[in-house]
Amino acid sequence: MPGPDILKLHSPAKINLFLEVCGKRSDGFHELETVMLRTTLCDTITFEADDSGQLSLNQTECSAIDIPLDDSNLILRAARALLATEPRRVGAKITIDKRIPLQAGLAGGSSNAATTLLGLNQLWELNLPVAVLHEIAATLGSDINFFVEDCTAAVCRGRGELVTPIPVRGPFHFVAARPAAGNSTPDVFSKLTLPHELHGCDDVVAALKAGDAKHLTKAVFNRLTQPAMNVNAGMTRLIQQMQTETNRPVFMSGSGSTCFVVCDSESAAQQVQAGCSSLDAVFLTTLTSA
């Protein structure tokens, strides 16, 4: 049966509920242990078959964020990596409605790359197994494998490419915000001092499995928070302001600059967001686990 000529897919953001840096690897990357959770915040990517065999990338006029549309974009890099597996001359017109902020620790670019692998595998009828898509994803970036895996949450190790899905009894609700300036991941890691004692993620995993937001609040941990605060003074101020306004602990996703509060319910999240509405934040919304 022929595949679709046009395919539209959501490309979700994630948040890190746990992130420990376990050491430096021989390949220059850091060994990580992290717990990622998909959220309902997403970009939308449309894939349209192009019989000319060309690849093109555009964004919709209503996109909230401008992104590069050349080969520096992970979408095109993922598409070309798939093309390398296919002897036929195939092409695609790719259009993105971009909603996930850049340099925000939400892995929007990695999610876009994974969505491209999944979408074009279907559009081009390549029928590559997920294991092969994982192999390609691991060559492109650290968080892409999480999105290739069809799961709500996972413990990710290595550079992030080793994915172990975990069940989630949810949904979970968060209020997230970020300052005007984003965080450069290399800059954040340059300020990191490797720990002598490592945190473990068992408490976060247990909270997700139990659907326990209060337990999760006590367990969330991110080793990169202090290095990121040293890089981004605006993020430091935002964390302090959110803590004052909410009287709750405030956490950071990935290498930042998105900061978030764990809430007990959707209504509690709406109340927290309303209380933070006066803050000088570029991005302030409720996030719900997917």
Could you please tell me which pairs satisfy a Cβ distance under 7 Å, a separation of 6+ or placement on different chains, a first residue in region 233-246 that is without any contact (Cβ under 8 Å) to a residue 40 or more places away in the chain and over 9 Å from Cys259 (Cβ atoms), and a second residue that is buried (at least 17 other Cβ atoms within 10 Å of the Cβ) and of a type in the set (D, E, K, R)?
none
Residues located in region 44-71, provided they are touching a Gly at 6+ places or on another chain (Cβ under 7 Å) and of a type in the set (Ser, Thr, Tyr)
Ser52
Filter region 47-103 for residues that are within 19 Å of the chain's Cα centre (by Cα) and among the hydroxyl-bearing types (Ser, Thr, Tyr); the one that is farthest from Lys8 (Cα to Cα) is Ser72
Please work out if Val272 is over 16 Å from Thr225 (Cβ atoms), among the β-branched types (Val, Ile, Thr) and buried (at least 19 other Cβ atoms within 10 Å of the Cβ).
yes
Filtered residues of region 1-31 (kept if hydroxyl-bearing (Ser, Thr, Tyr) and touching a residue at least 12 places away in the same chain (Cβ under 8 Å)):
Ser11
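Listed here are the residues, each with its yes/no results for (1) crowded, with 21+ Cβ neighbours inside 10 Å; (2) of a type outside the set (Gly, Ala, Ser); (3) closer than 18 Å to Cys42 by Cβ; (4) modelled with pLDDT of 95 or more.
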residue	(1), (2), (3), (4)
Ile239	yes, yes, no, yes
Met242	yes, yes, no, yes
Val250	yes, yes, no, yes
Gly254	yes, no, yes, yes
Ser257	yes, no, no, yes
Asp264	no, yes, no, no
Ser277	no, no, no, no
Leu287	yes, yes, yes, no
Qualifying position, being out of contact with any strand residue (DSSP E or B) (no Cβ under 8 Å at 6 or more places or on another chain), free of Cβ contacts under 8 Å to residues at least 40 places away in the same chain and of a type in the set (Ser, Thr, Tyr), among Ser267, Ser277:
Ser267
Residues Cys22, Cys42: which one is of a type in the set (A, V, I, L, M, F, W, C), modelled with pLDDT of 90 or more and in contact with a His (Cβ under 6 Å, 6 or more places away or on another chain)?
Cys42
Are there any strands (runs of 3 or more DSSP E) wholly within region 12-114 with 1 or more residues that are closer than 30 Å to Met229 by Cβ, and if so which?
30-49
Count of region 51-68 residues which are at pLDDT below 95 and under 19 Å from Leu123 (Cβ atoms)
4
Suppose the filter is assigned to a helix (DSSP H, G or I) and under 17 Å from Ala153 (Cα atoms); does Leu238 pass it?
no
Give me a count of the residues in region 244-290 that are within 27 Å of Pro186 (Cα to Cα) and in a helix (DSSP H, G or I).
0
Pick from region 118-141, criterion of a type in the set (A, V, I, L, M, F, W, C) and closer than 16 Å to Glu48 by Cβ, ranking: surrounded by the most Cβ atoms within 10 Å (Cβ to Cβ):
Leu120
How many residues of region 21-50 are of a type in the set (Lys, Arg), buried (at least 17 other Cβ atoms within 10 Å of the Cβ) and in contact with an Asp or Glu (Cβ under 6 Å, 6 or more places away or on another chain)? The answer is 0
Would you please list the contacts, defined by Cβ atoms under 8 Å and residues six or more apart or on different chains, that run from a residue in region 200-219 that is outside the structural domain of Thr152 (by TED's automatic domain parsing) to a residue that is among the β-branched types (Val, Ile, Thr) and in a helix (DSSP H, G or I)?
Leu216/Val204; Ala219/Val204
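The values are calculated or read from the model by the stated rules, or taken from the named source; none is laboratory data. As the structure is a prediction and not an experimental result, all values here were calculated from the model. Heads up, the Cβs are rebuilt from the backbone with ideal geometry, glycines too, and the neighbour counts pull from every protein chain shown.
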